[in-house]
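Structure first, then comments.
The values are calculated or read from the model by the stated rules, or taken from the named source; none is laboratory data. It should be emphasised that the depicted structure is a prediction, and the values quoted were computed from it without experimental measurement. Every residue, glycine as well, gets a Cβ built from its backbone with ideal geometry; the counts of neighbours run over all protein chains shown. Each accessible area value is taken on the protein alone, full model and side chains, heavy atoms only, with ligands, DNA and RNA left out. Shrake-Rupley method; radii C 1.70, N 1.55, O 1.52, S 1.80 Å.
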Amino acid sequence: MDCFSEAEGKRSHDPLYRNPGALPATGFPVGFTDKLVVIVGAGPAGLATAALLGLAGVPYVLIERCNCIGSLWRHRTYDRLCLHLPKKFCELPLMPFPLDFPTYPTREQFLEYLESYATTFGIEPKFREAVVSAEFNGDSWWVRTKGVTSLASGGEQPKLAGNVNMYRCKWLVVATGENAEPVVPEIEGSARFKGQLMHSSDYRSGEGYADKRVLVVGCGNSGMEVSLDLSNHNARASMVVRDKIVDRILLMMSRAIIGDTSRLGIARPRIGPMELKAVSGKTPVLDVGTIAKIKSGNIEVFPAMQRFHDHDVEFIDGRIENFDVVILATGYRSNVPYWLKDKDFFSEKDGFPKKSKEWKGQNGLYAVGFSKRGLLGVSMDAMNISEDIVQQWRDMRMEDVREIMSNRRATCLFD
């Protein structure tokens, strides 16, 4: 048996190679699964990290609370969605998009790409396991999960089973991303509203909304596209421009292309889309026909909402209008503060790393997909993290080899 094989055999009995009996302060059950790396989240960020680690031979487990990969794209996006940046900026490491895909792949094409990516790199997530806590006990990370019996919808949480699984790992990669949970704002009177109130994560298409008065709250990409889709399906669509800022295309060209949008109730941004993404993390809004619908009067623009009435919505300018449906295109948030017992790396306020674009914390904690740079940032994070873990893993193996060689030399001296 060579030294590397002997080292691997030794490590297989204790992958973490340190204090195997230690438990976290909260006192989890004794039964657990050892893995060098636990990756939480099987979206693009988790898949990219898993592919790179797997290619290097690093043992990992990928945990996903839903029943599929790319669950946000599969279960919480509308049918007409396309990538908002050209595909060359959205591909994951080691695998480009198919040549016959358009510049802006559709939702279905992106999901096809993710499935192909997982198959190509042999990625097999553990589905329907929700992480309920993860904490570092001084030696290792302990990750506790529960089985998911009912998937989440809208702003609701998934329903969990009573069974508990436990994982112990040296490295913990948080890949749940920027958009783990829908943001449902508290609006006065929402409980009394007798119409349909929903988050855009539950919207699929405008079919079934013909002739209905529908108010879309939010003017980001989701709000703009949902409003357009509703109008195209003959709904009487309106849109709330809550913070009066909509960014689109390039500032140098936008006025010539779409004219002065301020007279439509939409103020022009002061910085361009790339700077906006870098500074605030907000995805630039790309007009796909909504402005023309606003100009023609097919989509009406309203200011911020004040409160709900039984069948009406009151706005901050005093107007009261009747609506059958209100769709909250109010975005998403990170869910990391709910389960990660770490106060140093991630902010408890927004669930992002405290330092912008930071991907490495202390004690083997990593964050992939939180850099506010979209899928390009996901790939960069995944490559940085995998390189860092792989180097540490190889150093550990070499340390084992040196120890074995030293023991063999010592044995020879006494023979």
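Do we have any residue at all in the range 389-410 that's modelled with pLDDT under 95, part of a loop (DSSP other than H, G, I, E, B) and open to solvent by 70 Å² or more (accessible area, probe 1.4 Å)?
no
Here is a list of conditions, (1) modelled with pLDDT of 95 or more; (2) of a type in the set (A, V, I, L, M, F, W, C); (3) surrounded by 22 or more Cβ atoms within 10 Å (Cβ to Cβ), and Cys219 meets all of them except one; can you say which number that is?
It fails just one condition, (1).
Only residues that are of a type in the set (S, T, N, Q) and not in a helix (DSSP H, G or I): list them for the range 32-54, please.
Thr33
Return a yes/no flag: does the range 95-115 have any residue that is of a type in the set (Val, Ile, Thr) and touching a Ser or Thr at 6+ places or on another chain (Cβ under 8 Å).
So far as the range 95-115 goes, no, none of its residues is of a type in the set (Val, Ile, Thr) and touching a Ser or Thr at 6+ places or on another chain (Cβ under 8 Å).
So that you can scan it fast, the table gives a plain yes or no per residue for (1) of a type outside the set (Lys, Arg); (2) open to solvent by less than 30 Å² (accessible area, probe 1.4 Å); (3) in contact with an Asp or Glu (Cβ under 7 Å, 6 or more places away or on another chain):
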residue	(1), (2), (3)
Pro105	yes, yes, no
Tyr117	yes, yes, no
Gly138	yes, no, no
Thr145	yes, yes, yes
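Restricting to the range 340-378, and then to whatever is open to solvent by less than 10 Å² (accessible area, probe 1.4 Å) and not in a loop (DSSP other than H, G, I, E, B), can you tell me which residue is nearest to Glu225 (Cα to Cα)?
Only one residue tops the list, namely Gly377.
Looking at (1) within 30 Å of Asp395 (Cα to Cα); (2) touching a Ser or Thr at 6+ places or on another chain (Cβ under 8 Å), which one does Gly57 not meet, given that it meets all the others?
All conditions are met except number (2).
What about Arg394, is it at negative phi and either of a type in the set (A, V, I, L, M, F, W, C) or touching a residue at least 24 places away in the same chain (Cβ under 8 Å) (or both)?
No.
Out of the residues in the range 183-216 that are over 22 Å from the mean Cα position of the chain (by Cα) and among the charged types (D, E, K, R), which is most open to solvent (accessible area, probe 1.4 Å)?
Restricting to residues being over 22 Å from the mean Cα position of the chain (by Cα) and among the charged types (D, E, K, R), the top hit is Glu186.
Could you list, in sequence order, the residues of the range 295-321 that are modelled with pLDDT of 95 or more and open to solvent by less than 30 Å² (accessible area, probe 1.4 Å)?
Phe308, Val313, Phe315
Residues in the range 69-90 that are more than 28 Å from Arg128 (Cβ to Cβ) and either assigned to a helix (DSSP H, G or I) or not hydrophobic (A, V, I, L, M, F, W, C) (or both): how many?
Counting residues in the range 69-90 that are more than 28 Å from Arg128 (Cβ to Cβ) and either assigned to a helix (DSSP H, G or I) or not hydrophobic (A, V, I, L, M, F, W, C) (or both) gives 6.
Determine, yes or no, whether Leu47 is modelled with pLDDT under 95 and out of contact with any Cys (no Cβ under 7 Å at 6 or more places or on another chain).
It is false that Leu47 is modelled with pLDDT under 95 and out of contact with any Cys (no Cβ under 7 Å at 6 or more places or on another chain).
So which pairs qualify, if the first residue must be in the range 298-313 and without any contact (Cβ under 8 Å) to a residue 12 or more places away in the chain and over 16 Å from Ala329 (Cα atoms), the second must be in a strand (DSSP E or B) and open to solvent by 50 Å² or more (accessible area, probe 1.4 Å), the Cβ gap must be under 7 Å, and the two must be at least 6 apart or on different chains?
Asp312/Ile320; Asp312/Glu321; Asp312/Asn322
Please enumerate the residues belonging to the range 85-102 that are touching a helix residue (DSSP H, G or I) at 6+ places or on another chain (Cβ under 6 Å) and surrounded by fewer than 20 Cβ atoms within 10 Å (Cβ to Cβ).
Result: Phe89, Pro93, Met95, Phe101.
Filter the range 322-339 down to the residues that are more than 17 Å from Glu178 (Cα to Cα) and buried (at least 17 other Cβ atoms within 10 Å of the Cβ), then identify the one that is farthest from the chain's Cα centre (by Cα).
Phe323
Does at least one position in the range 92-103 carry a residue that is under 18 Å from the mean Cα position of the chain (by Cα), outside any helix (DSSP H, G or I) and farther than 21 Å from Glu181 by Cβ?
Looking for residues that are under 18 Å from the mean Cα position of the chain (by Cα), outside any helix (DSSP H, G or I) and farther than 21 Å from Glu181 by Cβ, one finds at least one in the range 92-103, hence yes.
Go through the residues of the range 144-161 one by one and say whether even a single one is of a type outside the set (Gly, Ala, Ser) and in contact with a Phe, Trp or Tyr (Cβ under 8 Å, 6 or more places away or on another chain).
Scanning the range 144-161 turns up at least one residue that is of a type outside the set (Gly, Ala, Ser) and in contact with a Phe, Trp or Tyr (Cβ under 8 Å, 6 or more places away or on another chain).
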